[in-house]
Amino acid sequence: MDIDKMFKLPSLPASAGQKRKMPDAPTPEMLKKYKAAEVEPSSGPQPLPANGKGKGKAATVEEEDDDDAYNAADRDIYEGDEDDEGRFFGGGLNNEQQQILDIFDKAGDEEDGPTLDLPGLRRQLGKFERIVNKNAEMRGKFPDDPSKFIESESDLDGALKQFLPLTQNPPLFFPELVKSGVIALLTNLLSHENTDIAIDVIEVVRELSDEDVGAEVDDLEEEEDEESGKAYKTRLAMGELIDELLNNSLLDLLVANLSRLNEEEETDSQGVFHILGVFENLLSFMPPLAEQIVNDTNLLPWLLNRIKQKEYDSNKQYASEILAILLQDNREIILKVGELDGMDILLQGLSQYRKKDPGDSEEVEYMENLFDVLCSLLSQPEMKKAFVDNEGVELMVLMMKEKLLAKTRAIKVLNYALQTEDGSEGCEKFVQALGLKTFFSAFMGKGEGKKKKLNATSSFEDEEHLLGILVSLFTNLASDTPERIRLIAKFVENGYEKVDRLLEMREVAESRLRGVEKDINMEKRVMQANKEEITDVEETEWYLRRIDSGLSSLQNADYILAWVCMEDDGAMTHARLLLSRKDQSFKNVIAVLTEFKDNIGEDDEEEGEAQPNLQKMILEQLIAFMEGLE
């Protein structure tokens, strides 16, 4: 019986107490020992001891008869003398197979223990406290003689493992842990002289704070109505436990262990992995904790330094994941990353994927985490400037040329970097870095055959980012500048092929949107038939669904098309012709742009006055121009 599977425990580090496990199948040596313990068939007379004394016993006729009977019974199984129905009623097992079953049955009996209850937990906690005190006493008496305290340390290791099954019933066990004061003992052990003991505690904390503890109860709730409310009680119990851990300086102690563990050692490397797992659990259960972690500990500098290291491993990947979690929608933490030169660290980390793809799926996830962190940083104006200053635009352009996995991620980053007025400098740098040639190669879909590989992004998502970049370029590049003239020229060259491609994208977006609008219209008719009021909440929800299903791409495509028509008469005539072939006209474009404008709000108010939105002003001018063409 596999205890690990029963309780879903994490694999233990090499130096931790080894739990006895049965092998998948008993070895021949084990079978021989087992057989010798039960039956000792004699192949001949055994000699008596030379001195004639002792408890040696010669083989007897009765034993030989027993052996013959045993073998005869074995033959009966296969010959079917007593089993008319064959193997289904005779057992179907030979002697060796039966021995294997007996061994596993005995192993199961040994490993099965009584179910833990509250009185049992209290006894366990009392024993644990005595073991902790005994270990501290022995270490204090014999600090320079490990042989004196090694036994107590082994007992402590085993006692810590007994906390792992408490996840079976958090509402019952977790409050008792808090009430007993054992949390303070656990957190104190994080600074134990033996790092293996500290790692044991980290594993316990990680298991007790794992979000799967609550998930299992949620699954149980769905199956059994009588368990209603247990998921809520579980979250309350976990919250109480986590609060107590935080009150006992858990965060500082975890970060201190990150510094003292040597990742060149296998066990310590696993310890670092488990520490990062604890932080992931805490942030998953309590997202606002991110600010406290960043402000009160040195975790953020440690994460950036860990990412900076050249060699790739699973801890480096995990560090990038925790960093991505910390940065979600948090301006203060993003600016702290900037102060720690995080932009340069991230760009250096990504530069290694300019010429090669990641080695495996885990490393692909690491690369994507770095790109996600970069996109989070670029949500703030200050970081867009840092991106340009650290030659981020040039790096992304180089990545776009190589047609590797990083190519589509680089396009996404550029979309974030060039947005809003704060992206104006980046737009100019993009054109100056000869980004248009590489960009329009991707825009036209050239060289996409190589992209059909593991972890490739969807073509629709890629097209959304490509259109987003063009929207930013048309919005931010000033009129009559060399950069803007080069952009317009790209749409005119080669017989307006870029206009053709733009209208293809528009048609794809319209097609995707059509199915969703059909569903929304059906929902509206049902609500009207039931005389239900359609509120702003429903309208907003429907609009967001349409945005996700193609409306955003359609709006961007028409925004770009209107700019191209305004800038070049030949492009306008060509676009009108292509639309007419689809039984459409500029009126369709105007309708899309009008809805786009109506759903753009004013910028945040400053000193009581709403600031006009630049894109909204541009849309009004574009709509007026397009209406003049009809």
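Per-residue answers, yes or no, for (1) in contact (Cβ under 8 Å) with a residue 24 or more places away in the chain; (2) within 30 Å of Glu240 (Cα to Cα); (3) under 20 Å from the mean Cα position of the chain (by Cα); (4) open to solvent by 10 Å² or more (accessible area, probe 1.4 Å):
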site	(1), (2), (3), (4)
Glu265	no, no, no, yes
Leu276	yes, yes, yes, no
Ser314	yes, no, yes, yes
Glu321	yes, yes, yes, yes
Gly338	yes, no, no, yes
Gly342	yes, no, no, no
Gln352	no, no, no, yes
Practice task
Check whether at least one residue in the range 297-305 is among the hydrophobic types (A, V, I, L, M, F, W, C), more than 18 Å from Leu258 (Cα to Cα), open to solvent by less than 10 Å² (accessible area, probe 1.4 Å) and touching a helix residue (DSSP H, G or I) at 6+ places or on another chain (Cβ under 8 Å), and report yes or no.
Solution key: no
Exercise for the section: Scan (1) under 17 Å from Val178 (Cα atoms); (2) open to solvent by 80 Å² or more (accessible area, probe 1.4 Å) for the single condition Glu151 breaks and write down its number. Expected result: (1)
Problem - Test for Ser361: is it within 19 Å of Glu263 (Cβ to Cβ), of a type in the set (S, T, N, Q) and touching a residue at least 24 places away in the same chain (Cβ under 8 Å) - result: no
Completion exercise
Of the candidates Glu507, Glu517, the one satisfying the condition of being of a type outside the set (Lys, Arg), closer than 20 Å to Phe460 by Cα, open to solvent by 70 Å² or more (accessible area, probe 1.4 Å) and assigned to a helix (DSSP H, G or I) is Glu507
Fill in the blank from the handout: Filtering the range 478-488 down to residues that are among the aliphatic types (A, V, I, L, M), surrounded by 12 or more Cβ atoms within 10 Å (Cβ to Cβ) and over 41 Å from the mean Cα position of the chain (by Cα) yields Ile485, Ile488
Handout entry: Filter result for the condition that a residue is out of contact with any Phe, Trp or Tyr (no Cβ under 8 Å at 6 or more places or on another chain), assigned to a helix (DSSP H, G or I) and basic (Lys, Arg), over Lys412, Lys384
Key = Lys384
Exercise for the section: Within the range 531-544, identify whether any single residue is open to solvent by 50 Å² or more (accessible area, probe 1.4 Å), at pLDDT below 90 and under 25 Å from Glu461 (Cβ atoms), and answer yes or no. Expected result: no
Problem - Where a residue in the range 161-190 is touching a residue at least 24 places away in the same chain (Cβ under 8 Å) and open to solvent by 10 Å² or more (accessible area, probe 1.4 Å) and its partner, wherever it lies, is among the polar types (S, T, N, Q) and in a helix (DSSP H, G or I), with Cβ under 7 Å and at least six apart - result: Gln162/Gln124; Pro171/Thr234
Problem - Yes/no for Met396 being part of a helix (DSSP H, G or I), open to solvent by less than 10 Å² (accessible area, probe 1.4 Å), within 23 Å of Pro482 (Cβ to Cβ) and at pLDDT below 95 - result: no
Exercise for the section: Could you list, in sequence order, all residues of the range 228-262 that are crowded, with 19+ Cβ neighbours inside 10 Å and not in a helix (DSSP H, G or I)? Expected result: Leu261
Exercise for the section: Of all residues in the range 551-583, count the ones that are out of contact with any Cys (no Cβ under 8 Å at 6 or more places or on another chain), under 22 Å from Val508 (Cβ atoms) and open to solvent by less than 40 Å² (accessible area, probe 1.4 Å). Expected result: 17
Exercise for the section: Determine if the range 467-477 includes at least one residue that is at negative phi, surrounded by fewer than 19 Cβ atoms within 10 Å (Cβ to Cβ), assigned to a helix (DSSP H, G or I) and β-branched (Val, Ile, Thr). Expected result: no
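The values are calculated or read from the model by the stated rules, or taken from the named source; none is laboratory data. In this text, all values refer to a predicted model and were calculated from it rather than measured experimentally. Using ideal geometry, Cβ is built from the backbone for each residue, glycine included, and neighbour counts are taken over all protein chains shown. All accessible areas refer to the heavy atoms of the entire protein, side chains included, with ligands and DNA or RNA removed. Shrake-Rupley method; radii C 1.70, N 1.55, O 1.52, S 1.80 Å.
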